[in-house]
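Quick note: the coordinates plus some simple rules give every number you see, no bench work behind them. These figures come from a predicted structure and were not determined experimentally. In this analysis, Cβ positions are derived from the backbone assuming ideal geometry, glycine residues included, and neighbour counts consider all displayed protein chains.
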Amino acid sequence: MRRKLAAGNWKMNGTSADLAQIEALATAHTGALSEILIAPPTTLLHRAADIAKNGPITFGAQDCHKRESGAHTGDVSAAMLLDAGATYVILGHSERRADHDEHDEDVRAKARAALAAGLRVIICMGEELEEREADNTLDIIGGQLAGSIPDDVSGENLVVAYEPIWAIGTGKVPSVAQISEVHNFIRARLEQRFGPKIARAIRLLYGGSVKPTNAAEIFAIANVDGALVGGASLKADDFSPIINALDAS
Ligand code: PGA
């Protein structure tokens, strides 16, 4: 069975004072059934992983470079993230696709580098509002799946996050039927490409305005194996009830 995953993406938020949130989470969820992941800003990764070691939280980064090392000022390689305490890296988030002009082929190259370094990857995809309104959601997701995910995944080392762009940070959430349709579609496409054994081991997260108030309803949907949470992962008091809802699902 797939282990549920509650992943918090802190984005460009957090300084030393916020490490207290991680300590609070670690204390509150020592017996968590779900896997708990925090992706703090890179500047906090090492310290976060250090203060929470031997606890229930695993750590991730929010991006990596596609090359192993070299003359790439300001960039961070997958091996550096692993060395700093990450076991996961989030790739292809819509904010990176928009802010840094990242396309599917960039995401795929980064994913290959991350997997080669021994990280697990969380690959994000999602449609714009206009694309949903034009009834193009499944085409868009199908293209992102085919383009962003490399061939050599084992199942356990890949997580796919469906994040409709119009739901991120907006308080708007797709209906249960809409989430269900996309998640079933993703699972079916993964089965076609990788075969049932690998596809069934890949966890599918929903992301976009997940809150304590809507988490239980989202986690009850088949093929939703957890959530990628932005705003509501910044404070332990908000993220804790989401983890509890996932544990109870
Ligand atoms: P949000 O962000 O929970 O703040 O909507 C989700 C994400 O971008 O991963």
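Miscellaneous remarks
- Relative contact order of region 5-248, pairs being alpha-carbon contacts under 8 Å that are 6 or more residues apart, as %: 20
- Packing-based exposure ordering (other Cβ within 10 Å, fewest first) of 129, 37: 129, 37
- Under Karplus coefficients 6.51, -1.76 and 1.60, residue-wise ³J(HN,Hα) of region 20-27 in Hz, glycine/proline x: 4, 5, 5, 4, 5, 5, 4, 5
- Pairs beyond 25 Å (Cα-Cα), from 11/211; 110/172; 4/53; 11/235; 66/197: 110/172; 66/197
- Expected 222 nm ellipticity per residue - DSSP helices of 4 or more, -39500 (n - 2.57), all of the chain, to 500: -12500 deg cm²/dmol
- Coarse-grained scattering of region 1-150 at q = 0.10, 0.14, 0.17 Å⁻¹, given as base-10 log I(q)/I(0) from a Debye sum over alpha-carbon atoms: -0.38, -0.72, -1.00
- In this simple spin-label model, placing a label point 7 Å from the Cα along the Cα-to-Cβ direction at both residue 12 and residue 128 gives a separation of 2.1 nm.
- Full-extension gain in nm, residue 43 to residue 67, via 0.36 nm per residue minus C-alpha separation: 6.6 nm
- Counting beta carbons within 10 Å around each of 94, 233, 16, 154 and listing the fewest first gives the order 16, 154, 94, 233.
- Model label points for residue 213 and residue 51, set 7 angstrom from Cα along the Cα-to-Cβ axis, are 3.0 nm apart.
- Segment residue 156-residue 3, extension gain: residue separation times 0.36 nm, minus the distance between their alpha carbons: 54.1 nm
- For region 5-248, alpha-carbon Rg and Dmax in angstrom: 16.7, 48
- Trypsin sites (Lys or Arg not before Pro) restricted to DSSP loop in region 1-38 with at most 16 other C-beta within 10 Å: 2, 3
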